[in-house]
1. Which of the following residues is more than 19 Å from the chain's Cα centre (by Cα), among the basic types (K, R) and open to solvent by 50 Å² or more (accessible area, probe 1.4 Å): K90, K106, K42?
2. For T127, indicate whether it is of a type in the set (S, T, N, Q), at pLDDT below 90 and within 30 Å of V5 (Cβ to Cβ).
3. Filter the stretch 66-75 for residues that are farther than 14 Å from G104 by Cβ and open to solvent by 70 Å² or more (accessible area, probe 1.4 Å) and give the result.
4. Suppose the filter is on the phi > 0 side of the Ramachandran plot and either more than 21 Å from the chain's Cα centre (by Cα) or loosely packed, with under 11 Cβ neighbours inside 10 Å (or both); does Q78 pass it?
5. Does Y103 fit the bill of being at pLDDT 90 or above and either in contact with a Gly (Cβ under 6 Å, 6 or more places away or on another chain) or not charged (D, E, K, R) (or both)?
Amino acid sequence: MKPKVLKTDRDHKQALGYVEKLLEQASPDEAELELWSLLLEKYEEEHFPIATPDPIEAIRFRMDQAGLSPTDLQPYLQSKSKVSEIMSRKRPLSLSMIRALHYGLKIPAEVLVQESPASYLPAPRKTRSAAH
């Protein structure tokens, strides 16, 4: 099969089948395999984009991966109370916190700077009823 830019679902399926055949060979041509992988990757990035995760969920995921507890976040988020407020979505991440989490826990900055889907909305104000 001759390499080409993948433009349709049919092109994509054919390319996947061809790569599978290449991988079944005892010693596939690595340059050809790399070229087809790049073509598939470009098509898939354009047609099957992966949404960026929510910042708080990304922090939770990294904590789970590294076996960290909320206490372990204090060096990055400045205090126990701020850890609690951020993880419960009561406080947004500051720029210094984003930098600390990015460098310290290797969480991509583009994930951390996003607004969370459940934005940090202020709590509804309580109104006092006039008692007469």
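1. K90
2. On the way: of a type in the set (S, T, N, Q): yes; at pLDDT below 90: yes; within 30 Å of V5 (Cβ to Cβ): no.
It is false that T127 is of a type in the set (S, T, N, Q), at pLDDT below 90 and within 30 Å of V5 (Cβ to Cβ).
3. Narrowing the stretch 66-75 to residues farther than 14 Å from G104 by Cβ: 67, 69-71.
Selection gives P70, T71.
4. Working: on the phi > 0 side of the Ramachandran plot: yes; either more than 21 Å from the chain's Cα centre (by Cα) or loosely packed, with under 11 Cβ neighbours inside 10 Å (or both): yes.
Answer is yes for this residue.
5. Values: at pLDDT 90 or above: yes; either in contact with a Gly (Cβ under 6 Å, 6 or more places away or on another chain) or not charged (D, E, K, R) (or both): yes.
Considered against the rule, which asks whether it is at pLDDT 90 or above and either in contact with a Gly (Cβ under 6 Å, 6 or more places away or on another chain) or not charged (D, E, K, R) (or both), Y103 comes out as yes.
The values are calculated or read from the model by the stated rules, or taken from the named source; none is laboratory data. Bear in mind that the values here come from a model prediction, so they are computed numbers and not experimental data. All Cβ positions, glycine included, derive from the backbone under ideal geometry; neighbour counts span all protein chains shown. With ligands, DNA and RNA removed, areas are computed over all heavy atoms of the protein, side chains included. Shrake-Rupley method; radii C 1.70, N 1.55, O 1.52, S 1.80 Å.
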